[in-house]
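Reading through the structure tokens given below for one structure.
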Amino acid sequence: EHTHTETEQAESAAPTLAELATSVAELQTQVADLQAQIANAPQDDAAVTSQVATAIYLLDSVGLHDLDERLNGEGIIDAGDSGMVSRVARLLSAVEWPTELAADAHSLIDVLNALATALGDDNVEEAAPLATQAHEVQHGLSHAAEHWLGEMTMNVQHGAADAPGQAFRVTSAIYLLDTVGLHDLDVRLNEEQDLQPGDAGTVERVAGLLSAVDWPEALASDAMSMTNVLTDLSTALADDDLETAAPLATQAHEVQHDFSHAAEHWLADATGAHDDDMRAGEGEEHSHAEDASVNESGTSAHEHAEDEHAEEEHAEDEHSEDKGD
């Protein structure tokens, strides 16, 4: 009888099916609210802006235009084509694309993956139209990204300290700046007076990349100066104005060196590294750049050093002859 009473009490305390259904509905509502909050959570604008700027810069520099022309004009597949296209597809896949660009980005990724497969199979017939499609979709994505970045870079906060991922964004931007070829451009414009069709686009892209970075306070002023010089230089190059572009190329080259050194010091402090360690592999590169730089007389520093060395040897020879006499 006692057991029977406990069972009745337990049954009366158990929730009814209607109550369980209500609880489940409430839980579903809470889960939906949490999912909406996660979806609508503010992204790290600086990180997303830098990701998009870097991805578009590398995408526009990879050579899809040349690949399109080669496959459709010459019918030639080079050994590294498939790997190159596959790598850029993976790069784009790793970006947290904003809603405004996500559809175009995913469309391009799909086309690039299909193109990489066709190239890997040495299938020119299939790869050629895919290369044209990839080239066209790239243009669409690049233009859309340019507008989006134009709006976002107006809100980039320079001078922010210890922002998450800032050291990586600075490192990436400086790496791409140092490898864009400003030294070669300086020498070519000032020594050879040779202005090439792609120069303006290259300089404009790297200026856009720099403007998308949330530079720390220690670098913000130099970054602004670098960006302004590059913007002026790209304008002169686009106008085929060699007289204006040549001195701007020299200025850009010089500002780049100073900016890169300042960034090295900042990164050393930010990452706890030593400046000497960060510059360990750089000495040869900067030495080469400095040797090839042009002085005011039009003679390279390297040639000037050789002339001085030759004069010293000549003086030593005359001194030896005097002693022999």
Only one of these conditions is not met by Glu192: (1) over 18 Å from Gln51 (Cβ atoms); (2) touching a residue at least 12 places away in the same chain (Cβ under 8 Å). Which number is it?
(2)
Would you call Ala223 modelled with pLDDT of 90 or more and under 21 Å from Asp45 (Cβ atoms)?
yes
Taking the stretch 127-151, which residues are touching a residue at least 24 places away in the same chain (Cβ under 8 Å) and acidic (Asp, Glu)?
Glu146
Restricting to the stretch 235-285, and then to whatever is modelled with pLDDT of 85 or more, under 23 Å from Ala220 (Cβ atoms) and charged (D, E, K, R), can you tell me which residue is surrounded by the fewest Cβ atoms within 10 Å (Cβ to Cβ)?
Asp258
Within the stretch 118-135, is there a residue that is closer than 30 Å to Val48 by Cβ, surrounded by fewer than 20 Cβ atoms within 10 Å (Cβ to Cβ) and of a type in the set (Gly, Ala, Ser)?
no
Within the stretch 173-197, residues being within 18 Å of the chain's Cα centre (by Cα) and part of a loop (DSSP other than H, G, I, E, B) number 3
All positions within the stretch 137-189 that are of a type in the set (Val, Ile, Thr) and at pLDDT 85 or above
Val137, Val170, Thr171, Ile174, Thr179, Val180, Val187
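The values are calculated or read from the model by the stated rules, or taken from the named source; none is laboratory data. As the structure is a computational prediction, the values presented were derived from the model and not from experiment. A quick note on method: Cβ atoms are made from the backbone with ideal geometry, for glycine too, and the neighbour counts reach across all protein chains shown.
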